[in-house]
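Trainee: Pasting a structure below so you can have a look.
The values are calculated or read from the model by the stated rules, or taken from the named source; none is laboratory data. It should be emphasised that the depicted structure is a prediction, and the values quoted were computed from it without experimental measurement. Neighbour counts run over all protein chains shown; Cβ positions are idealised from the backbone, glycine included. To get the accessible areas, we keep the full protein, side chains included, count just its heavy atoms, and leave off ligands, DNA and RNA. Shrake-Rupley method; radii C 1.70, N 1.55, O 1.52, S 1.80 Å.
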Amino acid sequence: VQLQASGGGLVQPGGSLRLFCVVSESRFVFSRMGWYRQAPGKQRELVATITSGHRTNYADSVRGRASISLDKRKDTCYLQLNSLKPEDTAVYYCEIESRVTGRDYWGQGTLVTVSS
């Protein structure tokens, strides 16, 4: 399976972005999808996850400002980011976990830059 992440860009502080992660195989059986980010010089960190049953989990740093969702008809996972801060600047990666094997698959990342 392949993941295609998009939607990143340059946004001013306080702005919003919606990230997209499209899954290449519509019949891929997964237990969870997630968004992670990696800022320059820092380790990759969790942003948000959503189970196939739509149960969500958020990092404290984005809780209340982010919303993760799934559209299974479109094989797409979304991450809505609001009230963006400069510290949200990072490459955002989407991930999917196979329910069959437990293996994680990663997309190529999309850059979000928050700057005035």
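Trainee: Would you check which residues across the stretch 2-18 are in contact with a Ser or Thr (Cβ under 6 Å, 6 or more places away or on another chain), open to solvent by less than 50 Å² (accessible area, probe 1.4 Å) and hydrophobic (A, V, I, L, M, F, W, C) and list them?
Mentor: Ala5
Trainee: Next question, about the same structure. Provide a single number: the residues in the stretch 64-116 that are outside any strand (DSSP E or B), among the hydroxyl-bearing types (Ser, Thr, Tyr) and touching a strand residue (DSSP E or B) at 6+ places or on another chain (Cβ under 6 Å).
Mentor: 1
Trainee: Also, I was wondering about something else. Which of (1) open to solvent by less than 70 Å² (accessible area, probe 1.4 Å); (2) modelled with pLDDT of 95 or more; (3) more than 12 Å from the chain's Cα centre (by Cα) does Ser67 not meet, given it meets every other one?
Mentor: Of (1) open to solvent by less than 70 Å² (accessible area, probe 1.4 Å); (2) modelled with pLDDT of 95 or more; (3) more than 12 Å from the chain's Cα centre (by Cα), only one is false for Ser67: (3).
Trainee: Taking the conditions exactly as written (farther than 15 Å from Cys21 by Cβ and more than 13 Å from the chain's Cα centre (by Cα)), does Arg44 satisfy them or not?
Mentor: So Arg44 fails the test.
Trainee: Consider Gly107 against the criteria (1) more than 10 Å from the chain's Cα centre (by Cα); (2) at pLDDT below 95: it satisfies all of them except one. Which criterion is unmet?
Mentor: (1)
Trainee: Sticking with this structure for a sec: I want to confirm something. Restricting to the stretch 25-48 and keeping residues that are more than 22 Å from Arg65 (Cα to Cα) and touching a residue at least 24 places away in the same chain (Cβ under 8 Å), which single residue is surrounded by the most Cβ atoms within 10 Å (Cβ to Cβ)?
Mentor: Among those that are more than 22 Å from Arg65 (Cα to Cα) and touching a residue at least 24 places away in the same chain (Cβ under 8 Å), it is Phe30.
Trainee: Please determine, by comparing only the residues of the stretch 1-44 that are in a loop (DSSP other than H, G, I, E, B) and among the charged types (D, E, K, R), which one is modelled with the lowest pLDDT.
Mentor: Once the filter is applied, the top-ranked residue is Arg27.
Trainee: Please work out which residue is nearest to Ser31 (Cα to Cα), limiting yourself to the stretch 45-63 and to residues that are in a loop (DSSP other than H, G, I, E, B) and of a type in the set (A, V, I, L, M, F, W, C).
Mentor: Ala59
Trainee: Might you let me know whether the stretch 92-106 holds any residue that is open to solvent by 70 Å² or more (accessible area, probe 1.4 Å) and among the aromatic types (Phe, Trp, Tyr)?
Mentor: Yes: the stretch 92-106 contains one or more residues that are open to solvent by 70 Å² or more (accessible area, probe 1.4 Å) and among the aromatic types (Phe, Trp, Tyr).
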